[in-house]
Amino acid sequence: MTYLDLISVAPCFSLADEATGYGPVFEEQPVETIYPEESPEAKITMNCRARASPPATYKWRKDNKDIDFSAESSHFSLMGGNLVISDPVKEQHAGNYCCLAANTFGTVISREASVQFGYLDLFSSEERESVHVKEGQGAVLLCAPPPHYPAELSFRWILNEFPTFIPLDKRRFVSQITGNLYISKVDSSDSGNYSCIASSSSISKSVFSNYIPLVPLSERHNRKYPADLNVKFPDTTALVGQNITLECFALGNPVPEIMWKKLDGELPPNHEVRTAGAHLHLHNVQFEDSGTYQCEAVNSKGKDYHTALLSVEAFPEWVEHITNTEKDLGSRYTMSCVASGKPEPQIRWMKNGELLDRDEMSFNSLTFEDSGMYQCVAENRHGVLYANAELRVFACAPTFEHNPLKRVLAPRNGRVVIECRPKAAPKPTFTWSKDTELLSNSTRVFIWEDGSLEILNVTRADEGRYTCFAENDRGKANSTGSLLSTKINLAPTNADIKAGENALMQCAALHDPSLDITFIWSLDDHVIDVQTDSQHYERGTNGSSNGALLIKNAQLKHAGRYTCMAQTPIDNATESAQLVVRGPPGAPGGVRVMNKTEKKVTLQWSRGADNHSPISKYSIQYRDAYSGDEWKKAATSPPEVEGNAETATVVDLFPWTEYEFRVFAANTLGTGEPSSPTAKEKTLDAVPVVAPSNIGGGGGTSRELTITWTPVQPQHYYGSNFGYIVAFRPFDNKEWRKVMVADPLARSYIHKDLALPPLTKFQVKVKAFNSKGEGPFSLTAVIYSAQDAPSEAPSGFEGKALSATEAFVSWLPLPQDSIDGYQVKFWRNHEESEGGAQTVTASNTDTNTRLDGMKPNSNYLIEVRGYNTAGYGPPSERLQIRTKKAPPSQAPRIIGKRLKGQTINIAWENAQPLPDEAAIDGYKVLYRKQGQALGTLYTTSRLYIDLPLPAEGDYVVEVRAHTEGGDGAVAQIQITVKETPSPPSPPDLPLIPYRWVQTRLTA
């Protein structure tokens, strides 16, 4: 069925009425695609989906030629609207693709998207020649990246071993254009082997170059060289909204400083200088950022500069474009599309997917054949922009099916317009009636040319039923509406509740449903913001005829006169009601301290409001300097403070402590708000009554007695000049020796005596004092003076390297009663000093330990000594151990995977150790379920392994080389096993499920 057929079966239809159908509208279009040549997934999917009624059919074009899906050897297939390319081949399938969606209303063509094949070859295997540079001169190491697509690569350099990346600073720079490494001034620390890493984010692949040896040549005199720019940004074109980076870097000695400026104005506010000055980064580039930019390199021997032009252009952008349109048969119509961009975009037109040879789309007299799907296309060298629209040409008898007359709200003494907008072509004539009376133009009533009825100075007599009649040469129709004004038909009523209860204020209105209605509530003439105070107010949905207000958990402040206003865009109505809230008493006033002692204060206050219920009692809270913001209940005398009281005594307080107090009143409805706090008042001081706790000590340096305790909490100081008296005596002595410690926060006292024998038994006790006197002694504790440091070195010290980073050492034990443990110290001979050594500790029962974190292929010196609280003993004889070579840094490369019956064969290439890496003894293969750390570990000396086919699910196989120095880098492959029913079998034969395996290789 075509569009012209639809005209005969549907006398009037609308683009807004989807039941009548509509042309295709793209919801998903193809995008630029880069397919990695090494991708394990042997297919490319280009998406295309359009909303249409009836549903759209799809076809695709490649390089402007229709794709034949029926060809026997075709790699192309359709899944819905999507194009699937199976087993893609670069020579056949690289190109530009677009999708066409069509139905009975027309055809639209998608934006064009390319398919390209991405690759990144390996670097050349040829050995790189050594670079010899005098110290102080600059050096450039060439990356020479291998062939690749797309062009964008990122570059990093490593020194000697992965992952030791070259840090970028004022002296070293890696160009992200060429990949070259620049060193402005070479020094001896730059010696080593350098490798360039090129990475393609588009295909998630990185490759390494062979090592380039850099050999600095020492100079007797460090010569100076002027700044010389070796990296210079070219003339550059950027698009509006892009982020771009300009590069500049100079060689020279001293290391040059890089400075940037814009010759025809200030640097843009969106600029950022990065990489120690070598990069000028511009965020969100705009037209005004275009101009001439200069970088200048300066050192004490000279300067160099470079200038280049930045041009800013723009992708096409619509200023005005076509939209879906309905037009009467025979009418005039002009489609308009205007686009901005730089260079200025060219506009071309298409109808139903075919290019039109027209510069503009103007119609003097529309015909049904002009209906269809139109596209205007704006294009410049930066891109293409599409605008799609459907044009429908129609003719029909009047119908009010989609736009009947409605009830209309009229403001008293105001003006109202009742619209009459039937669907009709050609334009109909209009007449009106009110109830049974035919209307004509007068001083108050007007029938407009478009059929609308206007009434001025509206009165109650104008309310009623109005009918509009429309007629043209194809037929006639009428529709009836009504005229009315807004009225509140359910008003709020007075309410009396207790605090904490809910109250419902009703409010409903009769109004014209074609107009939005809003209910506005106010309390005592202040508008209520229901959203801000949603804790206490809740409203019905705006637009509903019911605007009831629920007052939740009402408080005293919510009492008052509530007014409901029902408001439409042209009038309003109001009704009010009173809400009374009864609740707990108000806060007492004027609370103050009348007198005080060490542990008591007397408070006085005045009564607050009772809020319509007599006060039954008072309660008191306090807050001191030690409770922070927390208020606590105070003990009083008498314990219960009656409702007619205005004084009370607070008891059980701490002496010499600063307090605040507040008072609450209560009645049968609850407890009210607290009073304002009193001014801070401090109780009088007294003798301490709390002794320090946890008396103990012992240990420490030789010839010392260390006594410890837990200090008294500040609230128990009870007065000024607080401190401690420490008493101690040898266990067989009768006389106590006493020492005064003036610091209230002190936790220990150390008594030194050169004549004090080690491990002498003492009795100790501690008490507190302040300016009022001394408190009681603590319980007596027994402690021992310090022991002597160990005097003997461990013997029988021996060990061996376990791997590139670990070693094992052991020794003969020292007497346990003379030591608390052992310390093992190790450092690299010649490379590190003993002062920077690493240490490991062991308990006094251990006679061996493991050393971790060592450097590969290095000589280490190791010694062990005993220690206790008095210090360290003499070291053992030094042991020398050389760690193993490091395991291979390069992971094995997995080159094969295939299904063999109930096993999976995994094959890999031999990992090649570097000269300073350990030889490979074999390989470890870990077979585990995805997401689990544990699995089955296999070892093999071959370059392949057969693994049992797992149950359904996702699995991971990890392969790594094993050496005496440990395990090398890991190669990983993912395996997915899915259970799939087999094809239907002949009768009487069982249906046997089969499994298929999907693999994905990751580095």
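The values are calculated or read from the model by the stated rules, or taken from the named source; none is laboratory data. Just so you know, these numbers come straight off a predicted model, no measurement behind them. Glycine also receives a Cβ, built like all others from the backbone with ideal geometry; neighbour counts cover every protein chain displayed. Side chains included, ligands, DNA and RNA excluded: accessible areas come from the protein's heavy atoms. Shrake-Rupley method; radii C 1.70, N 1.55, O 1.52, S 1.80 Å.
If you filter the stretch 759-779 down to residues that are β-branched (V, I, T) and part of a strand (DSSP E or B), you find that the one that is nearest to V687 (Cα to Cα) is V766. Selection within the stretch 458-478: residues that are polar (S, T, N, Q) and within 60 Å of the chain's Cα centre (by Cα). The member of this set that is most open to solvent (accessible area, probe 1.4 Å) is N478. Of all residue pairs spaced 6 or more apart or on separate chains, those with beta-carbon atoms under 8 Å, a first member in the stretch 325-336 that is over 11 Å from S371 (Cβ atoms) and a second member that is open to solvent by 60 Å² or more (accessible area, probe 1.4 Å) and hydroxyl-bearing (S, T, Y) are G330/S365; S331/S365; R332/S365. All of S452, S433, S440 fail the test of being open to solvent by 30 Å² or more (accessible area, probe 1.4 Å) and either in contact (Cβ under 8 Å) with a residue 24 or more places away in the chain or out of contact with any Lys or Arg (no Cβ under 6 Å at 6 or more places or on another chain) (or both), apart from S440.
Only one entry of K552, K557 meets the criterion of being in contact (Cβ under 8 Å) with a residue 40 or more places away in the chain, within 22 Å of L669 (Cα to Cα), open to solvent by 50 Å² or more (accessible area, probe 1.4 Å) and within 44 Å of the chain's Cα centre (by Cα), and that entry is K552. For the stretch 792-826, the set of residues classified as in a strand (DSSP E or B) and surrounded by fewer than 19 Cβ atoms within 10 Å (Cβ to Cβ) consists of E798, K800, F808, S810, G821, Q823, K825, listed by residue number.
In the set F446, F394, F469, only one residue is among the aromatic types (F, W, Y) and touching a residue at least 40 places away in the same chain (Cβ under 8 Å); that residue is F394.
Scanning the stretch 64-80 for residues that are part of a loop (DSSP other than H, G, I, E, B) and either at pLDDT 95 or above or under 38 Å from the mean Cα position of the chain (by Cα) (or both) returns a single hit, G80. For the stretch 168-206, residues that are under 17 Å from T245 (Cβ atoms) and either open to solvent by 40 Å² or more (accessible area, probe 1.4 Å) or in a strand (DSSP E or B) (or both) total 9.
Taking the listed residues V384, V417, the one that is β-branched (V, I, T), open to solvent by 30 Å² or more (accessible area, probe 1.4 Å), more than 30 Å from Q346 (Cβ to Cβ) and under 54 Å from the mean Cα position of the chain (by Cα) is V417, with no other qualifying.
Selection over the stretch 559-583 of residues that are over 15 Å from D525 (Cβ atoms) and either touching an Asp or Glu at 6+ places or on another chain (Cβ under 8 Å) or at pLDDT 90 or above (or both) gives a count of 4. Selection of first residues in the stretch 79-96 that are within 14 Å of S114 (Cα to Cα) and of second residues that are assigned to a helix (DSSP H, G or I), restricted to Cβ pairs under 7 Å at least 6 apart or on distinct chains, gives the following pairs, ordered by first then second residue: I85/H93. When every residue of the stretch 479-500 is checked against the conditions, at least one turns out to be in contact with a helix residue (DSSP H, G or I) (Cβ under 7 Å, 6 or more places away or on another chain) and either at pLDDT 90 or above or open to solvent by 20 Å² or more (accessible area, probe 1.4 Å) (or both).
Determine whether V650 is farther than 25 Å from P711 by Cα and touching a Leu at 6+ places or on another chain (Cβ under 7 Å). In short, yes. Across the stretch 81-131, the number of residues qualifying as part of a loop (DSSP other than H, G, I, E, B), within 35 Å of the chain's Cα centre (by Cα) and buried (at least 21 other Cβ atoms within 10 Å of the Cβ) comes to 2. Exactly one residue out of A238, A227 is farther than 30 Å from E32 by Cβ and in a strand (DSSP E or B): that is A227.
Here are some conditions: (1) surrounded by 16 or more Cβ atoms within 10 Å (Cβ to Cβ); (2) not in a strand (DSSP E or B). E219 meets all but one. Which one does it not meet? Every listed condition holds for E219 apart from (1).
Take the conditions (1) exposed (fewer than 12 other Cβ atoms within 10 Å of the Cβ); (2) under 60 Å from the mean Cα position of the chain (by Cα); V726 misses just one of them, which is (1). Taken residue by residue, the stretch 340-356 has at least one member that is open to solvent by less than 30 Å² (accessible area, probe 1.4 Å), within 24 Å of R51 (Cβ to Cβ) and more than 43 Å from the chain's Cα centre (by Cα). Residues in the stretch 308-326 that are out of contact with any Cys (no Cβ under 8 Å at 6 or more places or on another chain) and either open to solvent by 60 Å² or more (accessible area, probe 1.4 Å) or of a type in the set (S, T, N, Q) (or both): L309, S311, F315, E317, V319, T323, N324, T325.
For the stretch 282-307, the candidate set comprises residues that are of a type in the set (G, A, S) and open to solvent by less than 40 Å² (accessible area, probe 1.4 Å); within that set, the residue that is farthest from L385 (Cα to Cα) is G302.
Taking strands (runs of 3 or more DSSP E) as the structural unit, those lying wholly within the stretch 256-345 and holding at least 3 residues that are more than 30 Å from V393 (Cβ to Cβ) correspond to 257-262, 271-274, 279-282, 291-299, 302-320, 338-342. Does V864 satisfy the criteria of being at pLDDT 90 or above and either exposed (fewer than 15 other Cβ atoms within 10 Å of the Cβ) or farther than 13 Å from E806 by Cα (or both)? Here the answer is yes, as V864 does meet what is asked. Taking the stretch 828-860 as the range and being open to solvent by less than 40 Å² (accessible area, probe 1.4 Å), part of a strand (DSSP E or B) and closer than 28 Å to D788 by Cβ as the test, the residues that pass are V840, A842, T849. Here the stretch 737-758 is the region considered, the condition is being part of a strand (DSSP E or B), aliphatic (A, V, I, L, M) and more than 30 Å from S818 (Cα to Cα), and the residue that is farthest from the chain's Cα centre (by Cα) is V739.
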